[in-house]
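Enquirer: Supplied in structure tokens, the structure appears directly below.
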Amino acid sequence: MKSNLSVVPILLTKNFQLATKVSNSFFKIGKARFFGKRNFGYDHYKNLALVYFKPTGDCNQRCVMCGQYGDKGIMKGIPVEERKKVLPLETWKKLIDEIAPKKPTIYVWGGEPFLYPDLMPLCKYMVEKNLVVAINTNGTLVEQYAEQIVRDKWAAIFISLDAFRDVYDDMRSKGSYDKVIAGIKAISAEKKKQKAKYPLLGIVTVVTNKNYMDLVNLSEASREYNIDLHIYNLGTYTNDNVVTTQKQFMKEKLNTDIDCLESYNTGYNLGIDGQKLYGVLKNIQNNNHGHTIITVPALNPEKTHTYYSELETPVRNHCVVPWCQVNINYNGDVHFCADYPDYILGNINEQSLKDIVNGDRANLFRKTIHESEGGMFPGCLRCYQNMLFGKKIKGF
Ligand SMILES: C[S@@+](CC[C@H](N)C(=O)[O-])C[C@H]1O[C@@H](n2cnc3c(N)ncnc32)[C@H](O)[C@@H]1O
Ligand code: SF4
């Protein structure tokens, strides 16, 4: 299966300037891999490669496998008025002014980012500041903004699409499939109309036991949308054992009570036949779709079953996220792990991001993860960030 780096050549053929900017982020991630053991007394802010913005924690869907609003979603237990809270645009702009000189790539996600009322001016401001802006959305609210998105030159838009209507309704939310397809088509049509190469248009598909046997058909259907990239995300899953171990570990080492990992203990990995799935993914890779296809993580074929049925077997380790990335939550909290916002490093309403990234809590986290077995925590086994930014374990 192709690795994540296969994205770089498509960028190069599209736009050299964008490729240079993204390569700068890749370079810093590579540097983090090399110098990963540093913690206290080092300026980590210099190496900020990727900043995740979560402008809202609110969402208009209830996808079953989602750690936020799925069967065990953590956000469902938070009072509505709390999860609808957002930071004013001015606060985000102040943050952008602070980080722009470091030229990190910005990845906007959520919740559903299009529910943030000032998303359009926020992204426009980042582009004006010469930052690479990529967004991940469920696509339900994209159509009405397509003209502006293309005009404002966002670098990339990744729209989540896991299945055709019936399974989509079952996995995500009834009645929104048509809106998502309309959003994808609208971006594609606008790019044509405005003769624009941007945004790069990607589809992100999460593999679950509900959709995996129909992925070849989904990939065939995606031909008509003129997409640039299709990412097959093998999914974040965990089990009781891993959750219990991670809870004890985080309490003991970082004095932190964790809730987020349990939200991925959904069971939507159960019953996935690795052999069949590998056949499906191979079939998809072999058909020339005219767009790039990647799988996260890219696995050795024989190990596909291990990924789903042996959740305690590591496939990636030595995650470099704490050395080159941060996530800003909708309330201003800063944390390293995008999907597990339990350990808070600080808040941008109270401190500069530089002070947070170089602060004692951040350094203690780095020191602890570095000293842990395999340079990761027990709960990182199927974390999406570790799948993207961890080191491939030999044989996997
Ligand atoms: C949490 S969502 C936020 C953005 C937006 N709401 C969306 O759905 O695209 C980010 C990505 O995570 C994916 N996702 C949801 N549940 C997942 C899981 N259990 N494992 C891996 N990815 C998952 C979504 O499909 C989406 O592509
Ligand atoms: S749309 Fe995104 S954030 Fe909302 S429930 Fe689905 S995966 Fe989660």
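Where a number appears in this text, it was derived from the coordinates with a stated rule and is not lab data. This structure is a prediction, so every number in the text was calculated from the model and none was measured. Cβ: placed from backbone, ideal geometry, glycine included. Neighbour counts: every protein chain shown.
Enquirer: How many residues, within segment 343-392, are in contact with a Ser or Thr (Cβ under 9 Å, 6 or more places away or on another chain) and over 17 Å from TRP323 (Cα atoms)?
Expert: 7
Enquirer: For segment 204-217, indicate whether the set of residues that are assigned to a strand (DSSP E or B) and either more than 20 Å from the chain's Cα centre (by Cα) or surrounded by fewer than 20 Cβ atoms within 10 Å (Cβ to Cβ) (or both) is non-empty.
Expert: There is at least one residue in segment 204-217 that is assigned to a strand (DSSP E or B) and either more than 20 Å from the chain's Cα centre (by Cα) or surrounded by fewer than 20 Cβ atoms within 10 Å (Cβ to Cβ) (or both).
Enquirer: Separate question: Can you report the number of residues in segment 80-137 which are hydroxyl-bearing (Ser, Thr, Tyr) and within 15 Å of ligand 1 (Cβ to nearest atom)?
Expert: 3
Residues are listed down the side, and each one gets a yes or a no for (1) within 16 Å of ligand 2 (Cβ to nearest atom); (2) more than 17 Å from PRO199 (Cα to Cα):
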position	(1), (2)
LEU87	no, yes
LYS94	no, yes
TYR116	yes, yes
LEU122	no, no
MET126	no, no
ALA134	yes, no
THR137	yes, no
ASP166	no, yes
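Enquirer: Restricted to segment 164-191, and to residues that are among the β-branched types (Val, Ile, Thr) and crowded, with 18+ Cβ neighbours inside 10 Å, which residue is nearest to ligand 1 (Cβ to nearest atom)?
Expert: VAL180
Enquirer: Oh, and also: Go through segment 313-333 residue by residue and tally those that are out of contact with any Ser or Thr (no Cβ under 9 Å at 6 or more places or on another chain) and under 29 Å from ILE393 (Cα atoms).
Expert: 12
Enquirer: Let me ask something else. Would you check if there is a residue in segment 220-232 being touching a Lys or Arg at 6+ places or on another chain (Cβ under 8 Å), of a type in the set (A, V, I, L, M) and in contact (Cβ under 8 Å) with a residue 12 or more places away in the chain?
Expert: no
Enquirer: Say whether the condition of being of a type in the set (A, V, I, L, M, F, W, C), surrounded by fewer than 18 Cβ atoms within 10 Å (Cβ to Cβ) and in contact with a strand residue (DSSP E or B) (Cβ under 8 Å, 6 or more places away or on another chain) is met by at least one residue in segment 313-331.
Expert: Scanning segment 313-331 turns up no residue that is of a type in the set (A, V, I, L, M, F, W, C), surrounded by fewer than 18 Cβ atoms within 10 Å (Cβ to Cβ) and in contact with a strand residue (DSSP E or B) (Cβ under 8 Å, 6 or more places away or on another chain).
Enquirer: Filter segment 237-286 down to the residues that are surrounded by 14 or more Cβ atoms within 10 Å (Cβ to Cβ) and at positive phi and list them by number.
Expert: GLY267
Enquirer: Could you pull out the residue among ILE231, ILE284 that is within 19 Å of VAL315 (Cβ to Cβ) and not acidic (Asp, Glu)?
Expert: Sole residue among the options that is within 19 Å of VAL315 (Cβ to Cβ) and not acidic (Asp, Glu): ILE231.
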